[in-house]
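Notes follow once the structure below has been shown.
Read the figures in this text as sums done on the coordinates, not as results from a lab. As the structure is a prediction and not an experimental result, all values here were calculated from the model. Using ideal geometry, Cβ is built from the backbone for each residue, glycine included, and neighbour counts are taken over all protein chains shown.
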Amino acid sequence: MAKIRPAAAPRLLAPLLIALILVLSVSSVLFAAPPPTPVTAEQAFLPWQATAFAALIVSFLVISMAYMIGKGFEMPMLELWAKQEIFQVAVTVVFVILLVTGVDTFSKTIAADAAKEFKHNGGSLGFADLDTSTVELNKMESGGGSAMQFAQVYTKSQITYLAAQYNQMTYYSETVGKVSTVSGYCYAMSAGGFSIMEGRYLSDTQGSLGGAVSAVSSGLTAMEGQYFLLKIFQGSMFSLLLPLGIVLRSFSYTRAAGGLLIALALGFYIVFPVAVIVEYNIFADYVAHNPSGATISVVHMPTYNKWGEVQENNFVADLVSPGFSEPLVFRTVILTVLLPTLKIFITLTFVRWFAVIMGADVDVSSLVRMG
Amino acid sequence: MVGVCPIPGAGVTDWQGLAIVGMFITFCAISAIYMLGQMFRNPNITAWSRLEIYQAIISAMIIVLISVSITAACSTNIGDMMSFSGLTFPASAKVLPSDTYFDAATKELVAMRNLNYVFYDMVRADVGEQEKQATRSEYKCIILCGIFQGGYSIQPGAGLYSRIGALTMAMSSLQLSLFTVLFQLWVLKYLEIGALLILLPLGTFFRSMPFLRGFGSALIAITIGLFLLYPFLIVLNGLMIGNFFGLSYTALKSTSNTAYTYAAVFFIANVFLPALNFLVIIIFTRQLSAMLGQEVDISRLAQMV
């Protein structure tokens, strides 16, 4: 954030202070839902809002004390510093309030749309096992939820789906492994005999199946990681990082770190879940155009009888069919490798952009390497 | 953090003693040069000495400021931060509300290391068990099992190799998380026993010297950035993951799917969040070093490391 010119500071101070007081006064109205009955302070403010408000008051008090000391001891440098700092606090307040209220409304709106579609399409998207009439989805549909909540429901449904696929894949692999090692034999003491492995050729598919199991497990790990990230972001970004960022940003020597914390809080609480909803739309669009892509077709498994004779049952043909391979590749490559990378990249790009606005120049190369 | 935090009634700590000695040497050296300037009536030397004594006073003020910050940090109870955020640490960390945040950071990392090790070991045991099953062969004799034999053999667990391959990847991820948390523990230990005892006095000394002021400023900025922010950010991570870290040791045996959950959770907790921590430290250190007189390109330094 560019520093204001010293000459301009006194002129700006009065309107800024008035604006700050006004903004702080109406912040409870902006943040709190319209209460039908008289509410307590705890009900009117969410925990993070109360903490952020307290952080702002602390910053404001510290700077005011510095200003008084500057006035009392006739230290113009300290006076000027206090004026500049109060300007920075005002900038922080305005940015945070505008962004949180504006983007939060946006977040609720798109979550409501997504929840409505999700409830409607739950079965056709391959999430038939999910209870689509949950209280959470109903709440989101009526505008009472957020992108963060929808992102968690969607991610959890992908985890459920991938876990089921993992179990199915390992079952295929174990069955094929067993059948491909069956070796029929007939010996006459040491006079000779023969043995034969009828299903040996099936072991050639084990490499592909192993790759599929690895891909599904990687996807499962990525989705579990995403779910865990969403959970901890929901629990801590606004209750911990945002207030801390506001406090740090109020002082010149910690302004950059504070700006970065605010950018991280907004990025991971708002932008990341919105990116997940975008991913959901990509997924729903793919399924809409490829109805068979919602579920991976069941493969007929090879068997063997008590004589060790192997019957393939069209297993190999099923394995290479588009109904089996295409949804699997979409889920494991696009949904769980490419899109998570993009989501993190988009979030970190926002963090970098917003951190620069808030006074912290984030190193791009470090971010890209993290992404 | 016993070596850095002041013990009540025990006077100055080691690093404070070293810093005071460093400042004393600096003042003596500048005074001697000033006297030489007076003796030889060289105005350049006396003017230079006056400028340097001004910088030395600023360095002394920095030391006082750091001492105050560290004392405040050492005396801050973690309970305050828990009530501030409404969050808690993972239960296994056994962080007490009366702990300082240095203690809490150490406990948090030790708990994460122990948990990570246990789950890594459990996945390894699971892989070992499945390896054993994969190599088992069975012989089924169907007819004439005396002199003549006819039947088939089978390796029932041969298909487990696919699962083993996937579990090995989860094991590698857990291993990476384990190494990263160990790295963090050793960085914390290094900060406790080394950083302030050596780098800060050196930094203040160099900052008072001509031509070395930038180098000294950089050392001070790096030390403050690492020492004050690093444990603090670890504590923040502990609070962030605390409520969602209800892992149980016995869960893994039931289904192997849980191995991937743990791989993901430990990767986020021990690799991803610390990466964000270092980003914050880099930003803070860069700005602080610029304020002290030397902008450090710490991101390039970090890349080199």
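Please tell me the relative contact order of region B:30-104 in percent, rounded to the nearest whole number, where contacts are Cα pairs under 8 Å and at least six residues apart. If you can, show how the numbers build up before the last one.
Values: 48 pairs, mean separation 17.5, N = 75.
For region B:30-104, the relative contact order is 23 percent.
Inside 10 Å of the C-beta atoms of A:158-164, what's the mean count of C-beta atoms belonging to other chains?
Numbers: counts 0, 4, 0, 0, 2, 5, 1.
For this peptide, the per-residue mean of nearby foreign Cβ atoms is 2.
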(message) For the ranges A:294-306, B:277-289, A:156-168, what's the packing order if you count other beta-carbon atoms within 10 Å of each residue, average per peptide, and put the highest first?
(response) B:277-289, A:156-168, A:294-306
(request) Mind checking A:303-314 for the average number of partner chain beta-carbons within 10 Å of each residue's beta-carbon? (result) 2
(message) Let me check against my output: what whole-number percent is the relative contact order of region A:106-370, with C-alpha pairs under 8 Å and at least 6 apart?
(response) 20
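Report relative contact order for region A:156-298 in percent, whole number only (criteria: Cα-Cα under 8 Å, sequence separation at least 6). Intermediate results must be reported in sequence, preceding the final value.
On the way: 108 pairs, mean separation 24.8, N = 143.
Relative contact order comes out at 17 percent.
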(message) Take residue A:109 and residue B:40, extend 7 Å from each Cα along the Cα→Cβ direction, and tell me the distance between the two endpoints in nm.
(response) 7.6
(request) Quick one: P(r) of region A:106-370 from all Cα-Cα pairs, 10 Å bins, percents rounded to integers, in order of increasing distance. (result) 7, 24, 25, 18, 12, 7, 4, 2, 1, 0
(request) Between residue A:196 and residue B:121, with labels modelled 7 Å along Cα→Cβ, what's the label distance in nm to one decimal, could you check? (result) 5.1
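Say the cut-off is 21 Å between C-alpha atoms; which of B:107/B:189; A:178/B:140; A:119/A:139; A:156/A:231; A:116/A:343; A:119/A:156 go over it? Each step should come with its number before you reach the end.
Working: B:107/B:189 12 Å; A:178/B:140 14 Å; A:119/A:139 12 Å; A:156/A:231 11 Å; A:116/A:343 23 Å; A:119/A:156 14 Å.
Over 21 Å apart, Cα to Cα: A:116/A:343.
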(message) Using a 10 Å cut-off around each Cβ of peptide A:171-179, what is the average number of partner chain Cβ atoms that fall inside?
(response) 5
(request) Within the set of other residues whose C-beta is less than 11 Å from the C-beta of residue A:286, count the net charge using Lys and Arg as +1 and Asp and Glu as -1. (result) -2
